[in-house]
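Notes to accompany the following structure.
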Amino acid sequence: MKNTIKVLGIIVLAVVIGFSMAACKNDGGTGGGDTGGTINGSTITSGAPVDYSAGLPEEARSQTDFNYIRVGSSIVPLSTKIDPPASVTITSGKVDIKLGTPKTASLESITADLPSGVTATPSDAKTFRIYGFYTSADAGAYCLYIQKGEDGQGALVYANKNVTVTGTGTVDGDTLVFNVSLKQGWNYSVYSESGSTTTFTASTTLPDGFKWTVSN
């Protein structure tokens with residue numbers, strides 16, 4: 001991924017849709033993929049098949065519980081940020097995600113650090129993002145995240161109300177196009193790169209081509 005996107009993952013997108021290219025090491029993937037289950041408000045049951053990054057040891061396939069997430073530079077238990085029920089497991093090769101509602105203190109304003117030319121409506125909306133689940137807080141933990149080859153990555157984003165983020169901004173010569181419509185509750189939010197243009201979208205179903213991937 002371009003350095004610009006790595007920077008944006010920390011600065012701009014940390015508020016909007018929460019992409020962080022440091023979430024997991026991206027070595028590409030193997031195997032097939034499929035669209036995930038439809039999100040219904042505050043509940044997720046994905047059922048999407050899992051991809052495993054190239055070069056992972058066989059023991060990675062035995063990892064089933066991913067109940068930690070990254071918050072800033074720290075990896076913390078999912079239960080500290082989400083009210084019960086909150087669990088993420090791999091069962092029979094498929095992702096089983098059950099999330100309740102983020103704790104009030106976990107929500108952040110959607111308008112912070114938006115690039116020029118990009119607006120959020122309504123501006124008082126708040127969101128919480130999860131861009132990767134981890135098996136533990138240890139340095140060697142395995143990570144479960146959403147990706148599309150080398151050109152796209154995704155996150156789960158909770159919005160406390162329906163909100164849209166639209167417009168076009170430019171950062172370091174790269175064009176960023178936002179066409180993000182978040183429903184109240186949980187959403188899949190993804191970006192795709194094409195040359196110097198990166199497009200951000202969201203939906204309640206994992207977009208075609210994006211996969212749940214295990215890496216480290």
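The values are calculated or read from the model by the stated rules, or taken from the named source; none is laboratory data. As the structure is a prediction and not an experimental result, all values here were calculated from the model. Here the Cβ is made from the backbone with ideal geometry for all residues, glycine too, and neighbour counts use every protein chain on show.
The table below gives the values:
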read-out: Of the criteria (1) surrounded by 19 or more Cβ atoms within 10 Å (Cβ to Cβ); (2) in contact (Cβ under 8 Å) with a residue 60 or more places away in the chain; (3) closer than 29 Å to Thr166 by Cα, which one Pro115 fails; value: (1)
read-out: Residue in region 66-76 that is modelled with pLDDT of 90 or more and surrounded by fewer than 17 Cβ atoms within 10 Å (Cβ to Cβ) present; value: yes
read-out: Complete set of residues in region 89-137 that are part of a loop (DSSP other than H, G, I, E, B), of a type outside the set (S, T, N, Q) and within 27 Å of Thr45 (Cα to Cα); value: Gly93, Gly100, Lys103, Leu107, Ile110, Ala125, Tyr131, Gly132, Ala137
read-out: Given (1) exposed (fewer than 15 other Cβ atoms within 10 Å of the Cβ); (2) hydrophobic (A, V, I, L, M, F, W, C); (3) at pLDDT 50 or above, number of the condition Ile44 does not satisfy; value: (1)
read-out: Residues of region 161-190 that turn out to be more than 17 Å from Thr119 (Cα to Cα) and surrounded by 15 or more Cβ atoms within 10 Å (Cβ to Cβ), as a count; value: 6
read-out: Residue list for region 126-141, filter: over 16 Å from Gly72 (Cα atoms) and out of contact with any Leu (no Cβ under 8 Å at 6 or more places or on another chain); value: Thr135, Gly140, Ala141
read-out: Residues (of a type in the set (A, V, I, L, M) and either without any contact (Cβ under 8 Å) to a residue 60 or more places away in the chain or in contact with a Leu (Cβ under 7 Å, 6 or more places away or on another chain) (or both)) located in region 147-179; value: Val157, Ala159, Val163, Val171, Val177
read-out: Which listed residue is out of contact with any strand residue (DSSP E or B) (no Cβ under 7 Å at 6 or more places or on another chain), within 14 Å of Ser106 (Cα to Cα), free of Cβ contacts under 8 Å to residues at least 60 places away in the same chain and β-branched (Val, Ile, Thr), from Thr91, Thr80; value: Thr80
read-out: Test for Gly209: is it under 17 Å from the mean Cα position of the chain (by Cα), touching a residue at least 60 places away in the same chain (Cβ under 8 Å) and part of a loop (DSSP other than H, G, I, E, B); value: yes
read-out: When residues of region 55-88 are limited to those that are among the hydroxyl-bearing types (Ser, Thr, Tyr) and part of a loop (DSSP other than H, G, I, E, B), the one farthest from the chain's Cα centre (by Cα); value: Thr64
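This table checks each residue for (1) surrounded by 13 or more Cβ atoms within 10 Å (Cβ to Cβ); (2) over 14 Å from Thr213 (Cα atoms); (3) out of contact with any Ser or Thr (no Cβ under 8 Å at 6 or more places or on another chain).
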| site | (1), (2), (3) |
| --- | --- |
| Pro49 | yes, no, yes |
| Pro84 | no, yes, yes |
| Ser106 | yes, yes, yes |
| Ile110 | yes, yes, no |
| Ala139 | no, yes, yes |
